[in-house]
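Below is one structure, written out as structure tokens; the observations come after it.
The values are calculated or read from the model by the stated rules, or taken from the named source; none is laboratory data. Just so it is clear, the model here is predicted, and its values are computed rather than measured. Virtual Cβ from ideal backbone geometry, glycine too; neighbours counted across all protein chains shown. Ligands, DNA and RNA are excluded from the accessible area calculation, which covers all protein heavy atoms including side chains. Shrake-Rupley method; radii C 1.70, N 1.55, O 1.52, S 1.80 Å.
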Amino acid sequence: MIRDNAFARISDFEPLRDELVATRHYLHAHPELSFEEVETARFVAEKLEGWGYEVARNVGGHGVVARLKVGTGTRSIAIRADMDALPIHEDTGLAYASQTAGKMHACGHDGHTTMLLGAAEYLARTRRFDGTVNLIFQPAEEAGIGSGAQAMIADGLFERFPCDAIFGLHNHPGAPEGSWLTRSGPLMAASDTVKITITGKGGHASRPHLTVDPVVVACNLVVSLQTIVSRNVDPTQTAVITVGSIHAGEASNVIPNTATLSLSVRSFEPKIRELLEARIKKLTAAVAEGHGARSEIDYLHGYPVVVNSEKETEFARSVAEELVGTDRVSTCHLIPGSEDFAYFLEHRPGSFLRLGNGMSSEILHSSKFDFADENLTVGAALWSRLTERFLS
């Protein structure tokens, strides 16, 4: 049996707590949006270089990759943290709140980056592993389409920094702080964005019989779209079609020429994803034609499903159980949100974990959200122990 004290423990990071909190608060106060992470990347890279890592900057945009090889081992591991913020005006009132109006770390990427930096410092100082660790600090996770993961892969990430497996995490509001949630197979949904334009015939509101009202068509379409999940998708499967916006007209006495709808479409299986697209297109055309209108659809495929490989997920779960105890590790439910870590998992085996952010935590992307500082030592310890175990 391997002795517990042969690998990183949470208590090993207590001396670093104040430093980790200060780092997280600095990042929180200085958020940068997707594709704008210049200062964040510089801050991260300089710390890593100071600890002795071989650092590559500007990988896939503002991405930073740090590599450290210890011993003669041939195995390698990659761990990823995202760095970008969101275009949200912060409303927390915190002393370290965003100093840039309209930009905020409302998803906890400041915490994700800090935890990996904490692990980086520890691993460089202790060097209790045999092999190569690649630490990936990724930009533009929030981009939706053409994201940072895609850009880093296109820039030769896995050719330049080979790895046998890759791991990542996201904080999880609604679960106890310091607890871990894992799941093999599909974890987070594929996300597609759809823009539908309905073209009718505008005119005076008092003479609707002389028009083809696109507002009426749009409203009928919204109701009809709800039948796809309820009547076309197998009830044992999970899918979501949400109409997030409808725009038409400017005045109450004018029937406009066009109406536009924006949809968010989520799914967990390729066949369901194909079914949703086919039904949305067919139903839209039929509803529009039935009212004498025309329709155009711009269907954009976003992030694919996050699919965790079984072996790596079981390994990560065992490490988490060693770290916090079996009662603090549970199986995660399917999450209809999306993550571009999915692209990494299409190229390498690995697992994406969830770290509880507190039962009373504000939801992600809320103007009042804040990452739980109590998690900083837990996350840094998990990444350190996982690396040591993987490369032992």
Reach of Lys47 by Cα under 30 Å, taken over lysines that are not fewer than 8 positions away in the same chain: Lys69, Lys103, Lys368
Interchain or long-range residues, amide H under 5 Å from Ala85's placed H: Glu32, Leu33, Ser34
Options Leu261, Gly50, Phe137, ranked by Cα towards positive dipole end of the chain, top entry (Cβ charges): Leu261
Overall form of the range 1-104 per C-alpha gyration tensor (a/c, 1.5; a/b vs b/c): oblate
Within the range 165-181, backbone nitrogen closer than 16 Å to the virtual label 7 Å beyond the Cα of Ile363 toward Cβ: 172-175
Unit charges at the beta carbon, dipole of the range 86-192: most positive-side option, Gln150, Leu86, Thr100: Gln150
Local electrostatic count at Val215 - Lys and Arg +1, Asp and Glu -1, tallied over other residues with Cβ under 13 Å: -1
The range 1-97 - charge dipole about Cα centre, Lys and Arg +1 at Cβ, Asp and Glu -1, debye rounded to 20: 660
Dipole axis of the chain (+1 Lys, Arg; -1 Asp, Glu on Cβ), positive-most option in Thr197, Ser384, Ala278: Ala278
FRET efficiency, Thr331 to Thr126 (Cβ-Cβ, R0 30 Å, nearest 0.05): 0.45
Among His170, His28, His247: highest mean-square fluctuation, GNM of the chain, C-alpha pairs under 10 Å: His247
Relative contact order (percent, whole number), the chain, Cα cutoff 8 Å, 6+ residue spacing: 26
Heavy atoms of Cys332: accessible area, 1.4 Å probe, square angstrom to 10: 0
Net charge dipole size for the chain [Lys, Arg +1 and Asp, Glu -1 on Cβ; Debye, nearest 20]: 840
Within the chain, helix-based [θ] at 222 nm, where runs of 4 or more DSSP H residues each add -39,500 (n - 2.57), nearest 500: -10500 deg cm²/dmol
Beta bridges by DSSP in the chain, antiparallel share as percent, to the nearest 5: 70
Under 19 Å from Lys311, Cα to Cα: aspartates and glutamates that are on another chain or at least 8 residues apart: Asp164, Glu321, Glu322, Glu346, Glu388
Highest-MSF residue in the chain out of Gly118, Gly108, Gly93 [GNM, Cα springs under 10 Å]: Gly93
Euclidean distance between Cα centres, the range 342-392 to the range 29-92, Å: 15
Highest-MSF residue in the chain out of Val254, Val215, Val44 [GNM, Cα springs under 10 Å]: Val254
Cross-link partners of Lys271 among aspartates and glutamates (Cα-Cα below 12 Å; sequence separation of 8 or more within a chain): Asp234
DSSP-assigned coil residues among GluC sites (Glu not before Pro) in the range 158-256, each with at most 12 further Cβ atoms within 10 Å: Glu250
Sequence of Ile145, Ile198 from largest to smallest accessible area, 1.4 Å probe: Ile145, Ile198
In Hz, Karplus ³J(HN,Hα) per residue of the range 161-177 (6.51, -1.76, 1.60; θ = phi - 60°; x = Gly, Pro): 10, x, 8, 7, 7, 10, 10, x, 8, 9, 5, 9, x, x, 10, x, 4
